[in-house]
1. Compute the length gained on full extension between Asn69 and Val179: take 0.36 nm times their separation in residues and subtract their Cα-Cα distance, giving the result in nm to one decimal.
2. Which value, in debye to the nearest 20, gives the size of the charge dipole of the stretch 130-215 about its Cα centre, when Lys and Arg are +1 and Asp and Glu are -1 at the Cβ?
3. When Val185, Val111, Val179, Val90 are ordered from fewest to most other Cβ atoms inside 10 Å of their Cβ, what list results?
4. What does the charge count near Asp71 come to, summing +1 for each Lys or Arg and -1 for each Asp or Glu among other residues with Cβ under 12 Å from its Cβ?
5. Sorted from fewest to most neighbouring beta carbons within 10 Å, what does the list Lys199, Lys29, Lys155 look like?
6. So what's the net charge close to Phe174: Lys and Arg +1, Asp and Glu -1, counting the other residues with Cβ under 12 Å from its Cβ?
7. Taking 8 Å as the Cα distance limit and 6 or more residues as the minimum spacing, I'd like the relative contact order of the stretch 5-116 as a percentage.
8. Would you work out which of Ser132, Val192, Gly2 lies farthest towards the positive end of the dipole of the chain, given +1 charges on the beta-carbon of Lys and Arg and -1 on that of Asp and Glu, about the Cα centre?
Amino acid sequence: MGCGRVGSALAQILDTDGYSVAIIDQDPKAWKRLARGFSGLTVNGVGFDRERLLDAGIDRADAFVAVSNGDNSNIIAARVAREVFNVPNVVARIYDPRRAEVYERLGIQTVATVAWTVDQIVHRVRADLSHSEWRDPAGSVTLSQVPVAASWLGKTVGTIEQGLPGRLAFIVRFGSGLVPHSSTVLQEGDVVHIAVAVKDAEAAAAHLQGGPEGNR
């Protein structure tokens, strides 16, 4: 639901990948955003109207995505898809992160664009060395790339995590990601990504950037 910049791009990608795609929008001019070769179905109307959803094939859908410009419309449509038509995979874009937390508890996956965008801009303005790549809808947990002091090289993940208020979620080594074990030894060139509560992010970065000598 929603043939704006996000919806049209998403529909195009899924269509190109061979999925059967239907897209709903109130504005018939929105179809101009779709590429000429788009083979999916376009349905003009309100995205949470049951008849329009049926026109789009909601009763056969494996997934439903609500990416219109309104939180209320997205949530209503997402709830109809999940609770009326029992679509197994429902995702809604939510601008208000407080609402996102509520709807996550109802079983609707949400993408809180405001919280993520603000976080990205703040890090770029501050020129932070640590880089937050993902936050949960409530903004309480972050997955961040953090530079690690050279003195940690040769140490095991288990040793590094001692005193770290978080976990080493994964390491990118020679361009490939790996999920480390406590016995994994950090090597030169490794890019470290940690999962940590936002309130502990600064302390975690200090731990990794301070090295063993800074955490005695």
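1. Values: separation 110, 0.36 × 110 = 39.60 nm, distance 3.69 nm.
Net length gain for the segment: 35.9 nm.
2. Working: 5 positive and 8 negative charges, 23 e Å.
I would put it at about 120 debye.
3. Val179, Val185, Val111, Val90
4. +2
5. Going from sparsest to densest Cβ surroundings: Lys29, Lys199, Lys155.
6. Net of charged neighbours comes to -1.
7. Working: 167 pairs, mean separation 20.0, N = 112.
Computed value for the stretch 5-116: 18 percent relative contact order.
8. Selected residue: Gly2.
All of the numbers you see were taken from the coordinates with simple rules; none came from a lab. Only a predicted model underlies this, so the values are computations on that prediction, with no experimental measurement involved. Glycine also receives a Cβ, built like all others from the backbone with ideal geometry; neighbour counts cover every protein chain displayed.
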